[in-house]
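The values are calculated or read from the model by the stated rules, or taken from the named source; none is laboratory data. The model shown is predicted, which means the values in this text are computed figures rather than measured ones. Counting neighbours? That spans all protein chains shown, and the Cβs are built from the backbone with ideal geometry, glycine included. Only protein heavy atoms, including side chains, enter the accessible area calculation; ligands, DNA and RNA are left aside. Shrake-Rupley method; radii C 1.70, N 1.55, O 1.52, S 1.80 Å.
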Amino acid sequence: MDQKKKSRLEVAAMYIVLLVVALIIFYPLVWTVGISFNQGNSLYSSSIIPENFSLDHYKWLFSAESDYLLWYKNSLLVSTATAIGSVLFTSLVAYAFSRYQFVGRKNGLYVFLLLQMFPVMMAMVALYIFLNMIGLLDTLTGLILIYLGGQIPFNAWLVKGYFDTIPRELDQAARIDGAGHLRVFWSIMLPLAKPILAVVALFNFMMPLFDFLLPSIVLSSAENYTLAVGLYNFINDQFANNFTRFAAGSILVAVPIAAVYLYLQRYLISGLTAGGTKG
């Protein structure tokens, strides 16, 4: 077999793999979209292409009978606060570990690396008791604090790797001109680190919108539910067979994520590739 035919076979194989992966990813999504436009509530009587196209489920979500808008507001509040807080705290921690030498620096990095091996759920009992002690159980503030603390180890390693690629000569030149520590951080490091900070912001914005386990443990009042917990009740509580409304609500969850992704798109690729280049 000559090189030209071999190259064509390799390209064909790549396209076949991509096609199979695309089918696996998009088939459930297409079904969910189709179900959301079907009439009725049953999952089994729905079809991927609706026989009678209907927007009734979307209208119901925004009606006074539904708490969907309240849950949407709660989720956006938690996601926005988590994204902004993670960018702020993570960048400060990463800047300290990247630019300064202090006692415990090396051990601190090892601790961050070790903490990444354990999911937040392992500490959920302790976190539950702690939130109850400080009066933040069943509050969005308590949920935000858990998200912020749980993401610092991974994000700090990621952002530190990017800060290490920024020449230290820029810091030294700024200090010669009279800039202090915070001035260097705010005026030099943060603007140059926009790609990696965009990655951190996007990941931490997405997680609360999709997460179900933590909110279901921390939150018990319906008025504090996030979207994941609220939508689960569509098919588990008094709306026990409401799969079509569940599908419609799930589709709308993607709207803010798509908006944030499109806004940060120009930074994402460079941030993902540069964040792990240097430890």
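Within the stretch 118-148, track down each residue that is under 17 Å from the mean Cα position of the chain (by Cα), surrounded by 15 or more Cβ atoms within 10 Å (Cβ to Cβ) and under 27 Å from ALA96 (Cβ atoms).
Across the stretch 118-148, the qualifying residues are VAL120, LEU143, ILE144, LEU145, ILE146, TYR147, LEU148.
Pick out the one residue from LEU77, LEU115, LEU23, LEU109 that is at pLDDT below 85 and open to solvent by 70 Å² or more (accessible area, probe 1.4 Å).
LEU115
Which of the numbered conditions does VAL93 fail, given that it passes all the others? Conditions: (1) more than 19 Å from PHE212 (Cα to Cα); (2) in contact with a Leu (Cβ under 6 Å, 6 or more places away or on another chain); (3) surrounded by 19 or more Cβ atoms within 10 Å (Cβ to Cβ).
So VAL93 meets the others, but not (2).
Kindly list the number of the only condition in (1) exposed (fewer than 12 other Cβ atoms within 10 Å of the Cβ); (2) part of a helix (DSSP H, G or I) that fails for PHE53.
(2)
Considering only the stretch 26-48, state which residues are over 17 Å from ILE235 (Cα atoms) and either polar (S, T, N, Q) or at pLDDT below 80 (or both).
SER47, ILE48
Return a yes/no flag: does the stretch 264-277 have any residue that is more than 18 Å from the chain's Cα centre (by Cα), at pLDDT 80 or above, open to solvent by less than 30 Å² (accessible area, probe 1.4 Å) and of a type in the set (A, V, I, L, M).
For the stretch 264-277, residues more than 18 Å from the chain's Cα centre (by Cα), at pLDDT 80 or above, open to solvent by less than 30 Å² (accessible area, probe 1.4 Å) and of a type in the set (A, V, I, L, M): absent.
Would you check which residues across the stretch 217-228 are farther than 20 Å from ALA64 by Cβ, surrounded by 15 or more Cβ atoms within 10 Å (Cβ to Cβ) and either in contact with an Asp or Glu (Cβ under 9 Å, 6 or more places away or on another chain) or not aliphatic (A, V, I, L, M) (or both) and list them?
Selection gives VAL218, LEU219, THR226, ALA228.
What are the residues in the stretch 26-48 that are aliphatic (A, V, I, L, M) and either surrounded by fewer than 12 Cβ atoms within 10 Å (Cβ to Cβ) or not in a helix (DSSP H, G or I) (or both), if any?
Hits for the stretch 26-48 are LEU43, ILE48.
Within the stretch 212-225, does at least one residue satisfy the condition of being part of a helix (DSSP H, G or I), without any contact (Cβ under 8 Å) to a residue 40 or more places away in the chain and under 19 Å from the mean Cα position of the chain (by Cα)?
yes
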